[in-house]
There are 2 protein chains.
Amino acid sequence: MLTQTAHATPLAHQPDIALSLHRKGRDESPSLGVLGIAMSFGRNMEIYAEGESAGHVYKVVSGVVRISNLLPDGRRQISAFHLPGDMFGFEADNLHWASAEAVTQVKVIAYKRRILLAGGGSTNLGRDLLHLTLVELRHTQEHLLLLGRKNALERVTTFLLDMDKRTKAGSVVELAMPRHDIADYLGLTLETVSRMFAELKERGLVRLEGARRVHLLDKQQLTSMGA
Amino acid sequence: MLTQTAHATPLAHQPDIALSLHRKGRDESPSLGVLGIAMSFGRNMEIYAEGESAGHVYKVVSGVVRISNLLPDGRRQISAFHLPGDMFGFEADNLHWASAEAVTQVKVIAYKRRILLAGGGSTNLGRDLLHLTLVELRHTQEHLLLLGRKNALERVTTFLLDMDKRTKAGSVVELAMPRHDIADYLGLTLETVSRMFAELKERGLVRLEGARRVHLLDKQQLTSMGA
DNA sequence: CGACTGGTTGACGAGGGTCAAGGACCGTGG
DNA sequence: CCACGGTCCTTGACCCTCGTCAACCAGTCG
């Protein structure tokens, strides 16, 4: 299997490409009985860049993808982490307004945008895309509330609960991303994220097993704090 | 004309309803050759509430609408202001996840959600809705960057430039909403918003004509500051 | 005229950012 | 096997931006 090695400066866009069919079944996401291209990206590799033309839409097969925007001076905001099964890369026009990068080793399937949009105008497909986009929109609005009005502890708590819910691994959250990415997602600094983890640990709400594995000990109380 | 008077606690949901056809032409928004119901709301009246079932989708005819979410303790985040021509009220499922209120006296046209979604499955309409939603999503992600990474002065500057662009009234921005709403949109307090206006005035970038009218004197520099 | 809503300005403090040092972990190679 | 380098994480000290609290001002309506 062709894959890429990690890269300090994640700028090149040369995914190794393998052709494949999109497997049906074992897959909760919308009905895409369409040909896709399987692609693989190493940690920190760029899947597409802000401003690039948006020829494809992607579905995560394995790994984690981050969607981010930059200010001219380098400040970064991550708008979403996408997990296996999630789709990303839709845009209103033909340009990507954000960039997508692999947080871990990632496999995706890329679908031609034209096929999805024009493709026969299958009503089902169109509705699925609309629904998907609306769900994404709701998540983003929820995140606005977090960034605009929650304090650091609430942000981290909300993040942990959200990751727990999305991965359904029963109170044990495996964080695929480093503190820096969490910080840029939550509108904080990595130091503050670290301190909030420590705070939750001290309060006995959480147990840390290394930096990347978090046991949620009291979801009830975490939930009541998360907002 | 039936309208409602302002209300200190904007909770009641009793819009005065008038039947009307949706006028074609003089209207850039998507092709909705569909019957709608014209409704009128007084300042601070609720158009729909968080958690309410989402039977309709709305288009602003006149006035300004705010979309907001609340935390249990009352902290509020406004995710968008909608101006004439804008649509709002789409949801992924059948419940409104945010509430919509009239910032000023407002006229809207309400369309039955079922008609828009199921309605013949007209490919054009479906695509329009998807496009609209994607544009909304992009705006929301842009706002994430603002809330997560911009400082107070940058936020206010970005807000003014955005309002200027949307109203196309040549460097004079008419703010329909009070400082408190601007603050809840920008993730600040009303005092900080007021101070940032003062700061922009001191720097000679802006001229204030009363609290609600702002002349943008140096858009170039404002843009470079808006980050 | 007085009451109300909305806006401005000032003094002060706290939450989180910045800067800096050091620790933990991991793969590589001697 | 251990030393080494790199990446990631934690913790502390300090400081700054913005929130809080409060007083006062301006415009509007009855």
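Overview of results
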quantity: Residue-by-residue Karplus 3J(HN,Hα) for region B:186-194, coefficients 6.51, -1.76, 1.60, Hz, glycine and proline x; calculated: 8, x, 10, 9, 5, 5, 5, 4, 4
quantity: Linear extension gain, residue A:62 paired with residue A:189, 0.36 nm per residue minus alpha-carbon span; calculated: 43.0 nm
quantity: Phi to ³J(HN,Hα) by Karplus 6.51 cos²θ - 1.76 cosθ + 1.60 over region B:98-113, Hz, x for Gly, Pro; calculated: 10, 10, 10, 9, 7, 7, 10, 3, 10, 10, 10, 10, 9, 10, 5, 4
quantity: Amide H partners (placed H, <5 Å) of residue A:79, local residues excluded; calculated: A:67, A:68, A:69
quantity: Computed FRET value (nearest 0.05) for residue A:71 with residue B:94, which takes r as the C-beta separation and R₀ as 30 Å; calculated: 0.20
quantity: Nearest-0.05 FRET efficiency for residue B:198 and residue A:139, computed from C-beta distance (R0 45 Å); calculated: 0.80
quantity: Ascending list, in nanometres, of distances separating the residue B:73 label from those of the other copies (7 Å, Cα toward Cβ); calculated: 3.0
quantity: Modelled label reach - residue A:171, point 7 Å along Cα→Cβ, region A:190-207 residues with backbone N closer than 11 Å; calculated: A:206-207
quantity: Range of Cα positions in region A:120-227 per principal axis (Å), largest first; calculated: 56, 29, 26
quantity: For residue B:52, residues with placed amide H under 5 Å, excluding near neighbours; calculated: B:96
quantity: Taking A:45, B:163, B:225 and counting other C-beta atoms within 10 Å, the order from fewest to most; calculated: B:225, B:163, A:45
quantity: Backbone HN-Hα couplings from phi across region B:211-227 [Karplus 6.51/-1.76/1.60, Hz, Gly and Pro as x]; calculated: 7, 9, 10, 10, 8, 8, 8, 9, 4, 3, 5, 4, 4, 5, 8, x, 6
quantity: Approximate spin-label separation residue B:212-residue B:35, in nm, with each point projected 7 Å along Cα-to-Cβ; calculated: 3.6 nm
quantity: Segment residue B:114-residue B:83, extension gain: residue separation times 0.36 nm, minus the distance between their alpha carbons; calculated: 8.8 nm
quantity: Cross-link table A:150/B:201; B:168/B:219; B:165/B:219; A:59/A:107; A:165/A:219; A:112/A:168, entries beyond 20 Å C-alpha to C-alpha; calculated: A:150/B:201; A:112/A:168
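No value in this document is a laboratory result; all are computed from the given coordinates. What you see is a predicted model; the values in this text were computed from it and never measured. Heads up, the Cβs are rebuilt from the backbone with ideal geometry, glycines too, and the neighbour counts pull from every protein chain shown.
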